[in-house]
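Each remark here refers to the structure printed beneath this line.
Computed from the coordinates by the stated procedures, all read-outs in this text should not be read as laboratory data. Just so it is clear, the model here is predicted, and its values are computed rather than measured.
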Amino acid sequence: MRLHFDHTPQSPRGFSLLEMVMALAIFSLAIVALAEAIQRTGETSNIIRQDIRIHDHLAALTSETTRLIGMAASGVRPQQPDPVMEEGVLYRVRVQELKNLLNKDQVPVEGLWQVIISADWKEGASEQHLEQETWVYPPMLPRLQ
């Protein structure tokens, strides 16, 4: 009777130290990448929130200035508002009457106003600038009561 011995070593039942170190390295890289993505998402959210706030403030200033020009149609010249600094953003309003403007029939257009509102702020290390312009013709505005 012959006995047969199998000399092949059995596979190890656990992980080797090298496999554990490699798995931990890959896992830690994934965690660092995830943390970076979460941080960038938060920064982007803050930038978008600030951008919306600035656009809303520009729209409010445009509306307010347009109404002031409408009230000035009664003969009072609109005043140039002072620059306003709010939450790190400098808002400037420029109002000027457009002169020497002709319509398509080459007739001078009188009483047309240009309103330019700008916002300047610093985002990180770079200066940011946003400008909004509109023209106002007081006779076309609804009467304020």
* Quick one: Karplus J couplings for segment 28-40, per residue in order, coefficients 6.51, -1.76, 1.60, θ = phi - 60°, nearest Hz, x for Gly and Pro? -> 5, 4, 5, 5, 4, 5, 5, 5, 5, 5, 5, 5, 5
* What residues qualify as long-range amide H neighbours of LEU98, i.e. H under 5 Å apart, gap of 5 or more or another chain, H built at 1.01 Å from N? -> LEU112, TRP113, GLN114
* **Derived scalar couplings ³J(HN,Hα) [segment 106-123; Karplus, 6.51 cos²θ - 1.76 cosθ + 1.60; whole Hz; x for Gly, Pro]** => 6, 9, x, 9, 10, x, 9, 10, 10, 10, 10, 10, 10, 10, 10, 7, 10, 10
* For segment 57-66, 3J(HN,Hα) per residue [Karplus equation, 6.51 cos²θ - 1.76 cosθ + 1.60, θ = phi - 60°, Hz, x = Gly/Pro] -> 5, 4, 5, 5, 5, 4, 5, 4, 5, 4
